[in-house]
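The values are calculated or read from the model by the stated rules, or taken from the named source; none is laboratory data. The shown structure was predicted, so the numbers you read here are calculated from the model rather than taken from an experiment. Note that each Cβ is placed from the backbone with ideal geometry, even for glycine, and that neighbours are counted across all protein chains shown. Heads up: the accessible areas ignore ligands, DNA and RNA and are worked out on the full protein's heavy atoms, side chains in. Shrake-Rupley method; radii C 1.70, N 1.55, O 1.52, S 1.80 Å.
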Amino acid sequence: MGLCLGPWNGNLRIKKIVSAKIEPEKVTRPSKQHQILFVDDERAFLETVSTLFVDWSKQTWKVHIATSADQALQFLKDQMVELVVVDINMPVLDGVQFLRVVNRRFPDLKKAVLTGHATETKRSECLASGAELFIEKPQSSDGFRAIFAMLDELVTWTPREGFQGMLRKVGLQDVIQMECLGRNSSVLEIHNQHLRGRVYIEDGSIIHAGVGDLTGEPALHKLLSLSGGSFQLQPFEAPLQRTIQGQWEFLLMEAARVRDEMSMQAAGASGAETAEAEADGADQPDGVKVVETLICSGTGEVLHAWQSSETDARVGFLKALSALSDRFAQELPMGKFDRVEIQNAAGRCIAQVHADRMVFVRMGTEGLPV
Amino acid sequence: MKEIFGQWLAARVSAPGMLVCGIRQSDGSCLTQGAVRTFPAEQLEKILHTFAEAKLQFPAESGAEIWSKWIFDEGQICFVTRPDGNLLALVVRSETDAAQNLGNLAGEFLALAAAAV
(Lines give C-alpha, C1' and ligand atoms only; values in the text may rest on other atoms or scores of the structure.)
Protein backbone atom coordinates (compact mmCIF):
# COMPACT_ATOMS: atom_id res chain seq x y z
CA MET A 1 0.00 0.00 0.00
CA GLY A 2 1.44 3.37 -0.86
CA LEU A 3 0.53 4.91 2.46
CA CYS A 4 2.06 7.99 3.96
CA LEU A 5 4.40 7.26 6.83
CA GLY A 6 5.32 10.84 7.55
CA PRO A 7 3.80 14.26 7.75
CA TRP A 8 1.91 15.95 4.99
CA ASN A 9 4.13 18.40 3.17
CA GLY A 10 1.62 20.81 1.74
CA ASN A 11 1.59 22.59 -1.57
CA LEU A 12 5.00 21.52 -2.82
CA ARG A 13 3.91 17.91 -2.86
CA ILE A 14 0.57 18.78 -4.38
CA LYS A 15 2.27 20.42 -7.35
CA LYS A 16 4.49 17.40 -7.87
CA ILE A 17 1.55 15.03 -7.87
CA VAL A 18 -0.53 17.19 -10.16
CA SER A 19 2.34 17.31 -12.64
CA ALA A 20 2.37 13.50 -12.67
CA LYS A 21 -1.31 13.30 -13.41
CA ILE A 22 -2.26 11.06 -16.29
CA GLU A 23 -3.74 12.57 -19.42
CA PRO A 24 -7.53 12.72 -19.28
CA GLU A 25 -9.21 9.95 -21.22
CA LYS A 26 -12.26 10.31 -23.37
CA VAL A 27 -14.93 8.74 -21.23
CA THR A 28 -18.67 8.57 -21.31
CA ARG A 29 -20.19 9.82 -18.11
CA PRO A 30 -21.96 6.95 -16.32
CA SER A 31 -25.63 7.27 -15.58
CA LYS A 32 -25.08 7.05 -11.82
CA GLN A 33 -22.29 8.88 -10.09
CA HIS A 34 -21.22 8.43 -6.47
CA GLN A 35 -21.61 11.67 -4.58
CA ILE A 36 -18.59 12.33 -2.38
CA LEU A 37 -17.91 15.37 -0.26
CA PHE A 38 -14.38 16.36 0.75
CA VAL A 39 -14.08 18.78 3.65
CA ASP A 40 -10.73 20.48 4.21
CA ASP A 41 -9.59 24.03 4.82
CA GLU A 42 -6.73 23.56 2.31
CA ARG A 43 -8.31 24.51 -1.00
CA ALA A 44 -5.26 23.40 -2.98
CA PHE A 45 -5.56 19.91 -1.52
CA LEU A 46 -9.28 19.79 -2.30
CA GLU A 47 -8.64 20.75 -5.90
CA THR A 48 -5.95 18.09 -6.20
CA VAL A 49 -8.06 15.22 -4.90
CA SER A 50 -11.03 16.42 -6.89
CA THR A 51 -9.06 16.36 -10.13
CA LEU A 52 -7.22 13.10 -9.48
CA PHE A 53 -10.05 11.07 -8.01
CA VAL A 54 -12.65 12.04 -10.59
CA ASP A 55 -10.13 11.14 -13.26
CA TRP A 56 -9.23 7.79 -11.69
CA SER A 57 -12.87 6.94 -11.07
CA LYS A 58 -13.55 7.35 -14.79
CA GLN A 59 -16.27 9.82 -13.92
CA THR A 60 -18.10 7.43 -11.60
CA TRP A 61 -17.36 9.89 -8.78
CA LYS A 62 -18.88 13.32 -8.44
CA VAL A 63 -16.65 15.16 -6.00
CA HIS A 64 -17.97 18.10 -4.02
CA ILE A 65 -15.73 20.24 -1.86
CA ALA A 66 -16.24 22.35 1.23
CA THR A 67 -13.60 24.42 2.96
CA SER A 68 -15.30 24.51 6.35
CA ALA A 69 -17.51 22.36 8.53
CA ASP A 70 -20.34 24.91 8.30
CA GLN A 71 -20.25 24.87 4.54
CA ALA A 72 -20.21 21.06 4.56
CA LEU A 73 -23.19 20.76 6.92
CA GLN A 74 -25.18 23.14 4.79
CA PHE A 75 -24.32 21.10 1.71
CA LEU A 76 -25.32 17.84 3.40
CA LYS A 77 -28.69 19.33 4.28
CA ASP A 78 -29.36 20.22 0.67
CA GLN A 79 -27.90 17.30 -1.24
CA MET A 80 -27.67 13.53 -0.94
CA VAL A 81 -24.09 12.40 -0.38
CA GLU A 82 -22.80 8.83 0.05
CA LEU A 83 -19.39 9.49 1.54
CA VAL A 84 -17.86 12.41 3.36
CA VAL A 85 -14.09 12.65 3.70
CA VAL A 86 -12.96 15.12 6.30
CA ASP A 87 -9.74 16.64 7.60
CA ILE A 88 -9.62 16.74 11.39
CA ASN A 89 -7.72 20.00 11.74
CA MET A 90 -10.10 22.72 10.72
CA PRO A 91 -10.85 26.05 12.33
CA VAL A 92 -14.01 26.72 14.41
CA LEU A 93 -15.60 23.26 14.25
CA ASP A 94 -12.83 20.70 13.96
CA GLY A 95 -13.07 17.35 12.20
CA VAL A 96 -13.91 15.27 15.27
CA GLN A 97 -16.73 17.59 16.29
CA PHE A 98 -17.90 17.63 12.70
CA LEU A 99 -17.93 13.82 12.62
CA ARG A 100 -20.08 13.68 15.76
CA VAL A 101 -22.59 16.13 14.31
CA VAL A 102 -22.71 14.28 11.00
CA ASN A 103 -23.01 10.93 12.73
CA ARG A 104 -26.00 12.19 14.68
CA ARG A 105 -27.76 13.92 11.81
CA PHE A 106 -26.88 11.52 9.00
CA PRO A 107 -26.27 8.10 10.57
CA ASP A 108 -26.23 6.26 7.23
CA LEU A 109 -23.61 8.49 5.67
CA LYS A 110 -20.21 6.84 5.28
CA LYS A 111 -17.39 8.78 6.84
CA ALA A 112 -13.62 8.79 6.40
CA VAL A 113 -10.90 10.94 7.89
CA LEU A 114 -7.97 12.00 5.74
CA THR A 115 -5.45 14.01 7.68
CA GLY A 116 -1.90 15.23 7.65
CA HIS A 117 -1.74 15.41 11.43
CA ALA A 118 -2.49 11.92 12.66
CA THR A 119 -2.11 11.04 16.31
CA GLU A 120 -3.26 7.97 18.15
CA THR A 121 -5.63 10.05 20.27
CA LYS A 122 -7.23 11.68 17.25
CA ARG A 123 -7.50 8.35 15.56
CA SER A 124 -9.35 6.80 18.49
CA GLU A 125 -11.62 9.82 18.73
CA CYS A 126 -12.49 9.67 15.06
CA LEU A 127 -13.24 5.95 15.06
CA ALA A 128 -15.37 6.37 18.16
CA SER A 129 -17.17 9.27 16.47
CA GLY A 130 -18.33 7.14 13.56
CA ALA A 131 -15.50 7.25 11.03
CA GLU A 132 -15.09 4.05 9.03
CA LEU A 133 -11.57 4.92 7.92
CA PHE A 134 -8.77 7.01 9.38
CA ILE A 135 -6.01 7.62 6.85
CA GLU A 136 -2.94 9.82 6.66
CA LYS A 137 -2.64 12.10 3.69
CA PRO A 138 -0.33 10.56 1.14
CA GLN A 139 2.92 12.04 -0.08
CA SER A 140 3.18 10.39 -3.44
CA SER A 141 1.06 9.59 -6.44
CA ASP A 142 1.12 5.92 -5.39
CA GLY A 143 -0.20 6.95 -2.01
CA PHE A 144 -3.06 8.84 -3.60
CA ARG A 145 -3.83 5.76 -5.70
CA ALA A 146 -4.03 3.61 -2.58
CA ILE A 147 -6.28 6.13 -0.83
CA PHE A 148 -8.49 6.33 -3.88
CA ALA A 149 -8.83 2.54 -3.98
CA MET A 150 -9.82 2.43 -0.31
CA LEU A 151 -12.36 5.23 -0.61
CA ASP A 152 -13.76 3.78 -3.82
CA GLU A 153 -14.23 0.46 -2.07
CA LEU A 154 -15.93 2.18 0.83
CA VAL A 155 -18.29 4.16 -1.35
CA THR A 156 -19.29 1.15 -3.47
CA TRP A 157 -19.89 -1.08 -0.48
CA THR A 158 -23.41 -2.36 -0.04
CA PRO A 159 -24.55 -4.35 3.00
CA ARG A 160 -24.98 -8.12 2.91
CA GLU A 161 -22.30 -8.61 0.29
CA GLY A 162 -18.96 -9.90 1.47
CA PHE A 163 -17.40 -7.83 4.20
CA GLN A 164 -19.12 -4.66 5.21
CA GLY A 165 -16.94 -1.62 5.00
CA MET A 166 -14.46 -2.87 2.48
CA LEU A 167 -14.30 -5.96 0.38
CA ARG A 168 -12.69 -7.45 -2.70
CA LYS A 169 -9.88 -5.09 -3.69
CA VAL A 170 -9.49 -3.69 -0.18
CA GLY A 171 -10.29 -6.43 2.27
CA LEU A 172 -9.45 -7.49 5.76
CA GLN A 173 -5.84 -8.17 4.94
CA ASP A 174 -5.42 -4.74 3.36
CA VAL A 175 -6.92 -3.03 6.38
CA ILE A 176 -4.57 -4.89 8.70
CA GLN A 177 -1.68 -4.02 6.44
CA MET A 178 -2.73 -0.39 6.46
CA GLU A 179 -2.92 -0.36 10.24
CA CYS A 180 0.49 -1.97 10.57
CA LEU A 181 2.15 0.26 8.00
CA GLY A 182 0.80 3.30 9.78
CA ARG A 183 2.06 1.88 13.10
CA ASN A 184 -1.44 2.31 14.47
CA SER A 185 -3.12 0.71 17.45
CA SER A 186 -6.61 -0.64 17.00
CA VAL A 187 -8.89 -3.60 17.45
CA LEU A 188 -10.47 -5.13 14.39
CA GLU A 189 -13.76 -6.78 15.24
CA ILE A 190 -14.81 -9.38 12.70
CA HIS A 191 -18.01 -11.34 12.67
CA ASN A 192 -20.37 -13.29 10.50
CA GLN A 193 -23.48 -15.29 11.30
CA HIS A 194 -21.42 -18.15 12.75
CA LEU A 195 -18.58 -16.57 14.69
CA ARG A 196 -17.09 -13.44 16.11
CA GLY A 197 -13.42 -12.65 16.51
CA ARG A 198 -10.92 -9.90 17.16
CA VAL A 199 -7.49 -8.93 15.91
CA TYR A 200 -5.45 -6.66 18.14
CA ILE A 201 -2.89 -4.34 16.57
CA GLU A 202 -0.59 -2.29 18.78
CA ASP A 203 1.87 0.23 17.36
CA GLY A 204 1.76 -1.50 14.01
CA SER A 205 2.27 -5.03 15.34
CA ILE A 206 -0.32 -7.77 15.41
CA ILE A 207 -0.22 -8.87 19.04
CA HIS A 208 -3.28 -11.03 19.55
CA ALA A 209 -6.18 -12.66 17.75
CA GLY A 210 -9.04 -14.67 19.07
CA VAL A 211 -12.05 -16.43 17.60
CA GLY A 212 -14.08 -19.12 19.37
CA ASP A 213 -11.65 -21.43 21.13
CA LEU A 214 -8.75 -20.38 18.94
CA THR A 215 -6.16 -17.78 19.86
CA GLY A 216 -2.91 -16.60 18.32
CA GLU A 217 -1.91 -17.36 14.76
CA PRO A 218 -4.53 -20.10 14.21
CA ALA A 219 -7.21 -17.56 15.10
CA LEU A 220 -5.68 -14.99 12.76
CA HIS A 221 -5.61 -17.53 9.94
CA LYS A 222 -9.21 -18.51 10.63
CA LEU A 223 -10.40 -14.90 10.58
CA LEU A 224 -8.48 -14.04 7.43
CA SER A 225 -9.90 -17.08 5.67
CA LEU A 226 -13.50 -15.96 6.08
CA SER A 227 -15.23 -15.33 2.80
CA GLY A 228 -17.78 -12.90 4.14
CA GLY A 229 -19.03 -11.06 7.17
CA SER A 230 -18.54 -7.68 8.76
CA PHE A 231 -15.65 -5.93 10.39
CA GLN A 232 -15.20 -2.74 12.29
CA LEU A 233 -12.13 -0.88 13.43
CA GLN A 234 -12.40 -0.02 17.10
CA PRO A 235 -10.13 2.05 19.33
CA PHE A 236 -7.33 0.00 20.81
CA GLU A 237 -7.76 -1.71 24.15
CA ALA A 238 -5.14 -4.04 25.56
CA PRO A 239 -5.98 -7.76 25.28
CA LEU A 240 -5.79 -10.04 28.29
CA GLN A 241 -2.86 -11.84 26.75
CA ARG A 242 -0.40 -11.47 23.91
CA THR A 243 -0.45 -14.55 21.72
CA ILE A 244 1.22 -13.38 18.51
CA GLN A 245 4.83 -12.43 18.02
CA GLY A 246 6.81 -11.65 14.92
CA GLN A 247 6.67 -9.44 11.91
CA TRP A 248 3.23 -8.63 10.59
CA GLU A 249 4.45 -8.97 7.00
CA PHE A 250 5.32 -12.60 7.56
CA LEU A 251 2.13 -13.22 9.53
CA LEU A 252 0.02 -11.94 6.66
CA MET A 253 2.02 -13.91 4.11
CA GLU A 254 1.63 -17.03 6.17
CA ALA A 255 -2.09 -16.35 6.59
CA ALA A 256 -2.41 -16.05 2.81
CA ARG A 257 -0.63 -19.35 2.37
CA VAL A 258 -2.84 -21.06 4.94
CA ARG A 259 -5.92 -19.55 3.34
CA ASP A 260 -4.84 -20.91 -0.06
CA GLU A 261 -4.40 -24.35 1.45
CA MET A 262 -7.76 -24.19 3.19
CA SER A 263 -9.50 -23.17 -0.01
CA MET A 264 -7.85 -26.07 -1.82
CA GLN A 265 -9.01 -28.45 0.87
CA ALA A 266 -12.50 -27.01 0.69
CA ALA A 267 -12.51 -27.62 -3.05
CA GLY A 268 -11.56 -31.20 -2.43
CA ALA A 269 -8.44 -30.80 -4.49
CA SER A 270 -5.97 -31.72 -1.82
CA GLY A 271 -5.15 -34.99 -0.24
CA ALA A 272 -4.24 -35.91 3.27
CA GLU A 273 -2.16 -33.52 5.31
CA THR A 274 0.94 -35.64 5.06
CA ALA A 275 0.72 -35.90 1.32
CA GLU A 276 0.23 -32.19 1.10
CA ALA A 277 3.25 -31.47 3.25
CA GLU A 278 5.38 -33.76 1.13
CA ALA A 279 4.07 -32.28 -2.06
CA ASP A 280 4.87 -28.67 -1.35
CA GLY A 281 8.59 -28.21 -1.48
CA ALA A 282 8.21 -24.64 -0.27
CA ASP A 283 6.69 -25.57 3.07
CA GLN A 284 8.25 -23.71 5.93
CA PRO A 285 10.15 -25.99 8.26
CA ASP A 286 9.78 -25.54 12.00
CA GLY A 287 12.07 -22.95 13.53
CA VAL A 288 12.58 -20.91 10.38
CA LYS A 289 12.54 -17.22 11.15
CA VAL A 290 11.97 -14.12 9.11
CA VAL A 291 15.33 -12.41 8.74
CA GLU A 292 14.51 -9.61 6.34
CA THR A 293 11.47 -7.73 5.13
CA LEU A 294 11.03 -4.93 2.65
CA ILE A 295 7.84 -3.25 1.49
CA CYS A 296 7.72 -0.69 -1.25
CA SER A 297 5.17 0.97 -3.48
CA GLY A 298 4.45 -0.34 -6.94
CA THR A 299 7.07 2.02 -8.33
CA GLY A 300 9.77 1.03 -5.87
CA GLU A 301 9.46 3.74 -3.22
CA VAL A 302 10.58 2.04 0.00
CA LEU A 303 7.82 2.20 2.62
CA HIS A 304 9.17 -0.17 5.22
CA ALA A 305 12.47 -2.02 5.59
CA TRP A 306 13.54 -4.33 8.39
CA GLN A 307 17.01 -5.83 8.48
CA SER A 308 17.33 -5.08 4.81
CA SER A 309 20.82 -3.75 4.27
CA GLU A 310 20.60 -3.86 0.49
CA THR A 311 17.33 -2.11 -0.21
CA ASP A 312 18.39 -0.88 -3.66
CA ALA A 313 19.32 -4.40 -4.69
CA ARG A 314 16.07 -5.77 -3.32
CA VAL A 315 13.98 -3.14 -5.08
CA GLY A 316 15.86 -3.92 -8.27
CA PHE A 317 15.17 -7.60 -7.74
CA LEU A 318 11.45 -6.94 -7.20
CA LYS A 319 11.31 -4.83 -10.35
CA ALA A 320 13.04 -7.59 -12.28
CA LEU A 321 10.47 -10.06 -10.94
CA SER A 322 7.70 -7.73 -11.98
CA ALA A 323 9.07 -7.43 -15.51
CA LEU A 324 9.60 -11.19 -15.76
CA SER A 325 6.12 -12.02 -14.50
CA ASP A 326 4.69 -9.62 -17.11
CA ARG A 327 6.59 -11.44 -19.83
CA PHE A 328 5.41 -14.83 -18.58
CA ALA A 329 1.83 -13.59 -18.51
CA GLN A 330 2.19 -12.39 -22.09
CA GLU A 331 3.31 -15.84 -23.24
CA LEU A 332 0.81 -17.96 -21.31
CA PRO A 333 -2.78 -17.25 -20.16
CA MET A 334 -2.15 -17.47 -16.42
CA GLY A 335 -4.12 -14.51 -15.11
CA LYS A 336 -2.78 -11.92 -12.69
CA PHE A 337 0.58 -12.50 -11.02
CA ASP A 338 0.60 -12.69 -7.24
CA ARG A 339 3.95 -13.83 -5.86
CA VAL A 340 7.01 -15.95 -6.29
CA GLU A 341 8.39 -18.32 -3.68
CA ILE A 342 12.08 -19.08 -3.98
CA GLN A 343 14.01 -21.69 -2.08
CA ASN A 344 17.50 -23.09 -2.04
CA ALA A 345 19.82 -24.61 0.51
CA ALA A 346 20.37 -21.27 2.25
CA GLY A 347 16.74 -20.46 2.94
CA ARG A 348 13.54 -19.26 1.44
CA CYS A 349 12.07 -15.97 0.33
CA ILE A 350 8.72 -14.77 -0.88
CA ALA A 351 8.31 -11.79 -3.15
CA GLN A 352 4.89 -10.39 -3.84
CA VAL A 353 4.52 -8.00 -6.75
CA HIS A 354 1.27 -6.10 -7.18
CA ALA A 355 0.53 -2.90 -9.07
CA ASP A 356 0.33 -0.88 -5.87
CA ARG A 357 2.93 -2.62 -3.70
CA MET A 358 5.87 -4.98 -3.67
CA VAL A 359 6.84 -7.06 -0.66
CA PHE A 360 10.00 -9.06 -0.04
CA VAL A 361 10.26 -11.45 2.91
CA ARG A 362 13.31 -13.64 3.50
CA MET A 363 13.45 -16.57 5.90
CA GLY A 364 16.43 -18.56 7.03
CA THR A 365 19.56 -17.94 9.01
CA GLU A 366 22.43 -17.88 6.58
CA GLY A 367 23.31 -16.73 3.12
CA LEU A 368 20.94 -15.25 0.61
CA PRO A 369 18.48 -17.39 -1.23
CA VAL A 370 18.65 -15.04 -4.19
CA MET B 1 20.93 -36.92 -21.09
CA LYS B 2 18.53 -35.67 -23.71
CA GLU B 3 16.79 -39.03 -23.87
CA ILE B 4 16.48 -39.29 -20.12
CA PHE B 5 15.02 -35.82 -19.89
CA GLY B 6 12.69 -36.48 -22.83
CA GLN B 7 11.34 -39.67 -21.29
CA TRP B 8 10.90 -38.03 -17.94
CA LEU B 9 8.93 -35.11 -19.44
CA ALA B 10 6.76 -37.43 -21.54
CA ALA B 11 5.82 -39.41 -18.46
CA ARG B 12 4.92 -36.30 -16.45
CA VAL B 13 3.00 -34.21 -18.98
CA SER B 14 -0.18 -36.26 -18.66
CA ALA B 15 -0.55 -35.65 -14.91
CA PRO B 16 -3.92 -34.03 -14.07
CA GLY B 17 -3.43 -30.29 -14.05
CA MET B 18 -0.14 -30.27 -15.97
CA LEU B 19 -0.36 -27.77 -18.83
CA VAL B 20 3.08 -27.80 -20.34
CA CYS B 21 6.56 -28.73 -19.16
CA GLY B 22 10.05 -28.43 -20.51
CA ILE B 23 13.76 -28.45 -19.86
CA ARG B 24 16.35 -25.98 -21.11
CA GLN B 25 19.58 -27.90 -21.23
CA SER B 26 22.88 -26.37 -20.29
CA ASP B 27 23.79 -25.97 -23.97
CA GLY B 28 20.71 -23.78 -24.52
CA SER B 29 18.62 -26.35 -26.39
CA CYS B 30 15.09 -27.07 -25.16
CA LEU B 31 12.88 -30.11 -24.74
CA THR B 32 9.18 -29.39 -24.21
CA GLN B 33 5.96 -31.35 -23.85
CA GLY B 34 2.58 -29.65 -24.12
CA ALA B 35 -0.64 -31.07 -22.74
CA VAL B 36 -3.21 -28.52 -23.88
CA ARG B 37 -3.62 -26.40 -27.00
CA THR B 38 -3.86 -23.08 -25.16
CA PHE B 39 -0.45 -23.61 -23.58
CA PRO B 40 1.79 -24.30 -26.59
CA ALA B 41 5.21 -25.79 -25.99
CA GLU B 42 6.81 -23.03 -28.10
CA GLN B 43 5.64 -20.44 -25.58
CA LEU B 44 7.23 -22.36 -22.76
CA GLU B 45 10.48 -22.49 -24.70
CA LYS B 46 10.43 -18.69 -24.83
CA ILE B 47 9.76 -18.57 -21.10
CA LEU B 48 12.64 -20.93 -20.38
CA HIS B 49 15.04 -18.75 -22.36
CA THR B 50 13.68 -15.57 -20.78
CA PHE B 51 14.06 -16.98 -17.28
CA ALA B 52 17.53 -18.36 -17.92
CA GLU B 53 18.74 -15.06 -19.32
CA ALA B 54 17.03 -12.83 -16.77
CA LYS B 55 18.37 -14.86 -13.88
CA LEU B 56 21.82 -13.60 -14.67
CA GLN B 57 20.73 -10.15 -13.55
CA PHE B 58 19.59 -11.31 -10.14
CA PRO B 59 21.77 -10.96 -7.03
CA ALA B 60 24.31 -13.75 -6.63
CA GLU B 61 22.86 -17.07 -5.55
CA SER B 62 24.37 -18.81 -2.59
CA GLY B 63 23.38 -22.32 -3.62
CA ALA B 64 23.61 -24.23 -6.87
CA GLU B 65 20.13 -25.72 -6.68
CA ILE B 66 17.33 -23.23 -6.69
CA TRP B 67 13.61 -23.79 -6.77
CA SER B 68 11.05 -21.11 -7.51
CA LYS B 69 7.29 -21.15 -7.81
CA TRP B 70 5.59 -18.29 -9.64
CA ILE B 71 1.97 -18.03 -8.58
CA PHE B 72 -0.63 -16.48 -10.84
CA ASP B 73 -4.40 -16.34 -10.41
CA GLU B 74 -4.99 -19.27 -12.74
CA GLY B 75 -1.79 -21.22 -12.71
CA GLN B 76 1.72 -21.68 -11.43
CA ILE B 77 5.12 -21.97 -13.04
CA CYS B 78 7.75 -23.92 -11.17
CA PHE B 79 11.41 -23.53 -12.15
CA VAL B 80 14.11 -25.84 -10.85
CA THR B 81 17.75 -25.23 -11.66
CA ARG B 82 20.14 -28.14 -11.48
CA PRO B 83 23.78 -27.78 -10.42
CA ASP B 84 24.97 -28.40 -14.00
CA GLY B 85 22.75 -25.63 -15.36
CA ASN B 86 19.83 -27.66 -16.71
CA LEU B 87 16.62 -25.83 -16.05
CA LEU B 88 13.18 -27.38 -15.59
CA ALA B 89 9.89 -25.50 -15.99
CA LEU B 90 6.52 -26.97 -15.06
CA VAL B 91 3.34 -25.04 -15.82
CA VAL B 92 0.33 -26.29 -13.89
CA ARG B 93 -3.23 -25.26 -13.26
CA SER B 94 -3.75 -24.08 -9.67
CA GLU B 95 -5.54 -26.34 -7.22
CA THR B 96 -4.86 -29.55 -9.14
CA ASP B 97 -2.92 -32.74 -8.47
CA ALA B 98 -0.01 -31.41 -10.49
CA ALA B 99 0.10 -28.21 -8.45
CA GLN B 100 0.08 -30.23 -5.26
CA ASN B 101 2.87 -32.43 -6.57
CA LEU B 102 5.34 -29.73 -7.66
CA GLY B 103 7.68 -30.42 -4.76
CA ASN B 104 7.90 -34.11 -5.63
CA LEU B 105 8.46 -33.40 -9.31
CA ALA B 106 11.22 -30.94 -8.47
CA GLY B 107 12.84 -33.57 -6.26
CA GLU B 108 12.57 -36.14 -9.05
CA PHE B 109 14.23 -33.77 -11.49
CA LEU B 110 17.11 -33.14 -9.12
CA ALA B 111 17.49 -36.87 -8.44
CA LEU B 112 17.32 -37.53 -12.16
CA ALA B 113 20.16 -35.14 -12.57
CA ALA B 114 22.22 -36.98 -10.00
CA ALA B 115 21.56 -40.32 -11.70
CA ALA B 116 22.38 -38.91 -15.12
CA VAL B 117 25.62 -37.30 -13.98
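Here is how the numbers come out for the structure above:
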| read-out | value |
| --- | --- |
| Modelled FRET efficiency - R0 25 Å, residue A:104 with residue A:336, Cβ distances, 0.05 increments | 0.05 |
| Accessible surface buried once A binds B (1.4 Å probe; total of both sides; Å²) | 3300 Å² |
| Per-residue average of Cβ from other chains inside 10 Å of A:335-341 | 5 |
| Relative contact order of chain B, pairs being alpha-carbon contacts under 8 Å that are 6 or more residues apart, as % | 26 percent |
| Inter-chain Cβ neighbour average for residues A:307-317, partner chain, 10 Å | 1 |
| Average Cα contact separation per residue, segment A:191-253, under 8 Å, 6 or more apart, as relative contact order % | 36 percent |
| Inter-chain shielding of B:91-100 (mean C-beta neighbours from other protein chains, 10 Å cut-off) | 4 |
| Distance in nm between pseudo-label sites at residue A:32 and residue B:53 (7 Å out along the Cβ direction from Cα) | 5.0 nm |
| Shape call, chain B: gyration tensor on alpha carbons, a/c limit 1.5 | rounded |
| Heavy-atom accessible surface of segment A:34-102: percent carbon and sulfur, 1.4 Å | 50 percent |
